1. Taking residue A:253 and the conditions (1) open to solvent by 40 Å² or more (accessible area, probe 1.4 Å); (2) within 16 Å of ligand 1 (Cβ to nearest atom); (3) not aromatic (Phe, Trp, Tyr), which numbered condition does it fall short on, given that it satisfies the others?
2. Starting from segment B:273-293, keep only residues that are over 21 Å from residue B:205 (Cβ atoms) and open to solvent by 30 Å² or more (accessible area, probe 1.4 Å), then list their pairs with residues that are at pLDDT 80 or above and of a type in the set (A, V, I, L, M) whose Cβ atoms are within a distance under 8 Å, requiring at least 6 positions of separation or different chains.
3. Could you check segment A:132-159 and list, in sequence order, the residues that are surrounded by fewer than 21 Cβ atoms within 10 Å (Cβ to Cβ) and either within 16 Å of ligand 4 (Cβ to nearest atom) or within 14 Å of chain B (Cβ to nearest Cβ) (or both)?
4. When you scan segment A:75-88, do you find a residue that is open to solvent by 40 Å² or more (accessible area, probe 1.4 Å), in contact (Cβ under 8 Å) with a residue 24 or more places away in the chain and not assigned by TED's automatic domain parsing to the domain that holds residue A:129, even just one?
5. May I ask you to verify whether residue A:210 is within 14 Å of chain B (Cβ to nearest Cβ) and either within 28 Å of the chain's Cα centre (by Cα) or more than 16 Å from ligand 3 (Cβ to nearest atom) (or both)?
6. Restrict the check to segment B:259-272 and report whether at least one residue is aromatic (Phe, Trp, Tyr) and within 15 Å of ligand 4 (Cβ to nearest atom).
7. On the basis of being within 20 Å of residue B:181 (Cα to Cα) and touching a strand residue (DSSP E or B) at 6+ places or on another chain (Cβ under 7 Å), does residue B:262 make the cut?
8. Show me the helices (runs of 4 or more DSSP H) entirely contained within segment B:1-105 in which 3 or more residues are within 14 Å of chain C (Cβ to nearest Cβ) and closer than 30 Å to residue C:21 by Cα.
Amino acid sequence: MDFRDSLELKYKDMLTHYLMDPNERILYQGQKLSRKLIEFNIAPEEVVSLHKSIISDSDWSKKELIDSFDILLEVMIGYGFAYREHQSLRVQQLALKNEIEVAANMQQTLLGTSIPHIEGLDIGAISIPANQMNGDYHHFVKDENECLGVAIADVIGKGIPAALSMSMIKYALDSFPENRNKPGAILQNLNRVVEQNVDTSMFITMCYGIYNPTNHIFSYASAGHEPGFLYSHKHNAFSDLDGKGLLLGIEKKTKYKEYEKRIFPGDMIILLSDGVTECKQGDRFIEREDLVQFIEKYKHLPSQDIVTNIYKDLERLQGFKLRDDFTLIILKRIS
Amino acid sequence: MDFRDSLELKYKDMLTHYLMDPNERILYQGQKLSRKLIEFNIAPEEVVSLHKSIISDSDWSKKELIDSFDILLEVMIGYGFAYREHQSLRVQQLALKNEIEVAANMQQTLLGTSIPHIEGLDIGAISIPANQMNGDYHHFVKDENECLGVAIADVIGKGIPAALSMSMIKYALDSFPENRNKPGAILQNLNRVVEQNVDTSMFITMCYGIYNPTNHIFSYASAGHEPGFLYSHKHNAFSDLDGKGLLLGIEKKTKYKEYEKRIFPGDMIILLSDGVTECKQGDRFIEREDLVQFIEKYKHLPSQDIVTNIYKDLERLQGFKLRDDFTLIILKRIS
Amino acid sequence: MELQSSVKIKNEWDIVAVRQLGRNVAKELGFGTVDQARITTAISELARNIFLYAGQGEVSIEKTFHNGRSGLKIIAQDNGPGIADIRRVMEDGYTTSGGLGAGLPGVKRLMDEFDIQSKLEEGTIIMAIKWLR
Amino acid sequence: MELQSSVKIKNEWDIVAVRQLGRNVAKELGFGTVDQARITTAISELARNIFLYAGQGEVSIEKTFHNGRSGLKIIAQDNGPGIADIRRVMEDGYTTSGGLGAGLPGVKRLMDEFDIQSKLEEGTIIMAIKWLR
Ligand SMILES: [Mn+2]
Ligand SMILES: [Mn+2]
Ligand SMILES: [Mn+2]
Ligand SMILES: [Mn+2]
């Protein structure tokens, strides 16, 4: 017999005994029952309903009915405990949320990036944290040769700890601007910084790419990051932007291979974090192929609208609860 | 008449009407009352007690007593709402706390310092965050001349945002080791970094000191930091370690003046953050003079015991709720 | 197979009307008194939201049957301003409506199924089901 | 002026005894039934803590008078292992004792005054007062 079934008997028994001989021992049992009820997630309205149904079935006098309230009161004190803790937790929660919001704003000021204007390129980007602070990072930079540098990174883990180590990536990226045109070299440098400074259990995946608007070559290197896609307008087909490379922070001397792709008018480069593919639809994760369908659906739109629409669709699909930070970037060659 | 006073009348009226003519309108009033009760912080046991007292005073029949439970049930549903939210909040709170704990541990790994051994000096330090993450920072370093460098800093504000910007101080301090023997120069450099990188609304107070164990000179500079104390063993007296200087992050070109003190055997240098003096005893803040009394009380002990005992005393004084991050450092010349 | 009836929400009295409708249907389906009270409370909250944030709208009550189970379905819809950030509205402790634990997350916890769709400047539609145990 | 009596806590029956003592004193002082129930619950929690974490100890109940007000004071003491981090124990949601909201912060909220002193390996003493309104 499970707790709910035995509850009615137990409670009735308690009432009967108390009415025959009102004493402290039974009131103490009432308190202990209250603890048990809460442990078994029984809501207070159920207790009131149980009390009503027991007295309805009884042949107790009016006086006995009134006395039976002593036990109900004793049981309700436990809910009073929970109720008062709730009020206190709400206040704390609010304070904590405000604090994290301040930190998240600070993070945005610190890590914020704006989309630069690159001739012939339509750029869209969205990055939404699962909680308040973002453990994904993305950054655009336009160098002295009018090339676009684009970084996308994801700390393994999310929330505050992830956000904390993301600040480091930003400081490190800022501190070696000399080799901005070599994705592989950039990852090599970053890897050294991460390896030295971060907790051994904290790893970062990253993809760094450079788009040259003169020759329309996109060169990139990847440190274990979720592969992006290349959309070929001519063939109306998607292919993976493969790239091999160890995660940042594992092995000091890692080298990162550079890859190159030729981009034609109407082609799109799609970069993402695994939060995009980790969306859960009902019981199954969406596949990379499903994601392609979503891009397909919106590909006629400006890049910013594509990424925003895909985000909104996937957000609803998961009942408005993100499981991981979500970052999606699209570079579309328009001429 | 305030809500509690009118409550009894209102509830009784509701019961009476319901017993005369049970209808949905009164049940809806019950629900609205429930909302009000919660708004006025009335615990569920009080509602049960009120119900009991009303039926005790009534001449209702047993059937009416039982019917009156419909209203109690309706009111209790509101507490059920709160109760269920409470269970959900508890789970969330736990997750959030775990996350912050991970971040706090990360922060400790990142910012951690150990007390170096300096000939003839007994060093004690304690730094306790008011919440989980520390917006105070302290750091010891022993340079190539066997001198002790000691930094103590406090971000205006506390918690996660403060902790986030503290990481920057640490990176910056690490990055210019060349002028470690000039407290003023160190603060000047830091000031430039903070001014450039941090939110305009975020300021940092800091004191940097260098103890030379050869000539027993303590030189220091202060950026608006809570003044420390100098205890003279010979005169058995405390004096302030004054130091003028603008907070870090206000004005790019600030210069910081250096001060020097001669330290004799048995003397103590006491550095602290304002969290130590912002302790509240009952309704008043403790004064710097009160703090001196606490140091007095424990000054015969090793430095680490002094700072730990003072922390424990002040912690209890405030009912185990710190209002601000608490950092206290004592350097005692023992020979 | 679905049987439906609905109440237009324009003022507070309509809340009582739709509660009554909901309670009748709940009784017909065989829900106990606690569940009746929960269902009417959920209906109240949804109707009150319409009344407070959209001005007017409609709440429908349906009997619904699926896999041999029967249930009561509430559909609340309005053409109001819509909800800008649904994720935020579904967070605990977000509502400032005074009551503790009410609001949409509270309704979601009272019921067995819950879905919400909203578009800015077009309106909101909320669906919630309680299954008979 | 203080009148005191106390109960040694060695097993669960002693919890009932000290509850009874507390209830008698609360009645004598003129506390209503809700406050009686709150006071006995607070006493139970403190006695139970002794029983669970220290093995044995003592709970005293005193009448206390201050500035014309009268109150009931509970003193719970033990020579148990002590509490390493009082700040932590006083945090909401720290207790894993199953019940929601109980534990020392819960007791603190039920009463009007609360103080705790503890030393590792020496024991703990908790004082709580409820004033008659
Ligand atoms: Mn991540
Ligand atoms: Mn991820
Ligand atoms: Mn601070
Ligand atoms: Mn401070």
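The values are calculated or read from the model by the stated rules, or taken from the named source; none is laboratory data. Just so we're clear, the structure is a prediction, and the values are computed from it rather than from any experiment. As a convention, Cβ positions derive from the backbone with ideal geometry for all residues, glycine included, and neighbour counts pool all protein chains shown. Each accessible area value is taken on the protein alone, full model and side chains, heavy atoms only, with ligands, DNA and RNA left out. Shrake-Rupley method; radii C 1.70, N 1.55, O 1.52, S 1.80 Å.
1. Going through the list (1) open to solvent by 40 Å² or more (accessible area, probe 1.4 Å); (2) within 16 Å of ligand 1 (Cβ to nearest atom); (3) not aromatic (Phe, Trp, Tyr), residue A:253 breaks only (2).
2. Listed pairs, sorted by first residue: B:281/B:317.
3. Across segment A:132-159, the qualifying residues are A:132, A:156, A:157.
4. Taking every residue of segment A:75-88 in turn, none turns out to be open to solvent by 40 Å² or more (accessible area, probe 1.4 Å), in contact (Cβ under 8 Å) with a residue 24 or more places away in the chain and not assigned by TED's automatic domain parsing to the domain that holds residue A:129.
5. Here the answer is no, as residue A:210 does not meet what is asked.
6. Of all residues in segment B:259-272, those aromatic (Phe, Trp, Tyr) come to B:259, B:264.
Still in the running and within 15 Å of ligand 4 (Cβ to nearest atom): none.
The answer is no, given that none of the residues of segment B:259-272 is aromatic (Phe, Trp, Tyr) and within 15 Å of ligand 4 (Cβ to nearest atom).
7. Criteria met by residue B:262.
8. Where helices (runs of 4 or more DSSP H) fall fully within segment B:1-105 and carry at least 3 residues being within 14 Å of chain C (Cβ to nearest Cβ) and closer than 30 Å to residue C:21 by Cα, they are B:24-39.
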